[in-house]
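The numbers here are math on the coordinates, done by the rules we state, and not lab data. Not measured: the values here are computed from a predicted model. Positions of Cβ are generated from backbone atoms using ideal geometry, with glycine treated the same way; all protein chains shown enter the neighbour counts.
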Amino acid sequence: MDVFSSYNLIIEASVILILSFIFNGISKKTNIPSVLLLIFLGVILQFVLSYFTSDTVDFFPALEVLGIIGLIMIVLEAALELELKREKLMPILKSMAVALIGLIGSAYLAALILYQFIPDMSMQSAWLYATPLSILSSAIIIPSVSGLTEHKKEFHIYESTFSDIMGIMMFYFLVGGLNPESDGGIGGFALNIVLTIVISIIASYAIILIFQEIKSQAKLFLLIAVLLLLYAIGKQFHLSSLLIILIFGLVIANMKLFFKGKFAIFLNQEKAHRIYHELHIVTLETAFVVRTFFFVIFGLTIVVSSLFSLSVALISLLMIISIYVVRFVTLRVFYGKDILPQLFIAPRGLITVLLFYAIPVEAQVSSFEPGILLFVIIGTSLVMTWAMIKDKKKMVTSLDKVDEEILIMEKVNIALEEEQEIPLTPPSKEIGGEEEPPA
């Protein structure tokens, strides 16, 4: 049986997408991340594939391309939902601080653990391996927190998006340190960010002004193609390309803020809003498709046997514990005691996988077990699942109590109304079935 024939591939891809849609429904009811179900689906398909064919298939090129497109779509999807208002400034800054401190703190502890337990691991390589394992996965978090209260959901969207962007920037900053001749240091890094922001703002204005004048109906995928092009070109020039996507999303989502005063005359509100609305839908749908295939293919590439290594389990558990220790301290400092379930919503995922495979050859350590990567991804996702289920039960219990109180109040009100409706004059007496005549 040719598993990879054209029609079989269409059938397989269609079934995977249908299952992914079902997984989303299961996720909403149970709070089990749909991404975790997709990874397990990939593992199952790995065994099914080995039964039908003995050929070894290299899925990494597809995984890399899907990961990059998925990352762009997820960040754009998140940016399109972020409102830049004065009252939102403090939540944004606090989320950014939590993301940055959590990233650096987790990476530092993870690097120490890897340096101590992995043979031949230098501290520089340890930092490179630790950074992907310290980045939150917006691909898992954003679809999973829809049931939380508005301010908690908003916090997770901000935090995971900032963690993605700052984590990627930190990773490539560390990669630059491997080659001292081309490394610009902190000054060069800061200049790179400033240059990226300037280019991003100019490109965002230009894209909006040009695309609002295009009359063709089929222009949204053209817009996405332009964004992918800008991202890829930015990468070639070693810019922080993800900032380009984030800033474009923020500009188009907050057009009234960016097109004020003299700039307002250049903006066609109706056309620009239509572009924003349609782009939001296309981005959401594309992110869903790409996320689905990325995590299924990741499941296909997993070496399941590596999960049963004692050293892998020990190192992974230490890293997972360090993640939540750093997170607990950071959240307590910035948010006080109200840190549940936020404390346990810290899964690793798409970015972790992408950056792990992007570690330069000169920094790679052969004794590092890829099972650590998988263990941390699954472990943090399971912890998040447990926390979300527990929080959902707590919310249901609270709602039940509120409903009880409302019911009691309604009964009291009915009783009071009935008392008020009793007439003040006594009812007429009946004699022999007839009313008593008046005296």
Discussion item. Please arrange Tyr129, Tyr324 by how many other C-beta atoms lie within 10 Å of their C-beta, fewest to most.
Written reply: Tyr324, Tyr129
Worksheet item: If the chain between Ile389 and Leu178 were fully stretched, how many nm would it gain, using 0.36 nm times the residue separation less the Cα-Cα distance?
Response: 71.6 nm
Item to complete: Please find the FRET efficiency linking Thr149 to Tyr357, where r is the Cβ-Cβ separation and R0 is fixed at 41 Å, and quote it to the nearest 0.05.
Response: 0.65
Worksheet item: Can you work out ³J(HN,Hα) from phi for every residue in the range 199-212, in order, using Karplus 6.51 cos²θ - 1.76 cosθ + 1.60 and θ = phi - 60°, giving whole Hz and x for Gly and Pro?
Response: 4, 4, 5, 4, 4, 5, 4, 4, 4, 5, 5, 6, 6, 6
Worksheet, complete the sentence: If Met123, Met169, Met319 are placed from fewest to most neighbouring beta carbons inside 10 Å, the sequence is Met123, Met169, Met319
Response to the item:
The extension gain from Asp120 to Phe308, computed as 0.36 nm times the residue separation minus the Cα-Cα distance, is 65.4 nm
Discussion item. Through the Karplus equation 6.51 cos²θ - 1.76 cosθ + 1.60, θ set to phi - 60°, convert the phi angles of the range 242-258 into ³J(HN,Hα) values in whole Hz; use x for Gly and Pro.
Written reply: 5, 5, 4, 5, 4, 5, 4, x, 5, 5, 6, 7, 10, 4, 5, 6, 8
Item to complete: Have a look at Gly188, Gly67, Gly167 and tell me which one the Gaussian network model of the chain (Cα, springs below 10 Å) gives the largest fluctuation.
Response: Gly188
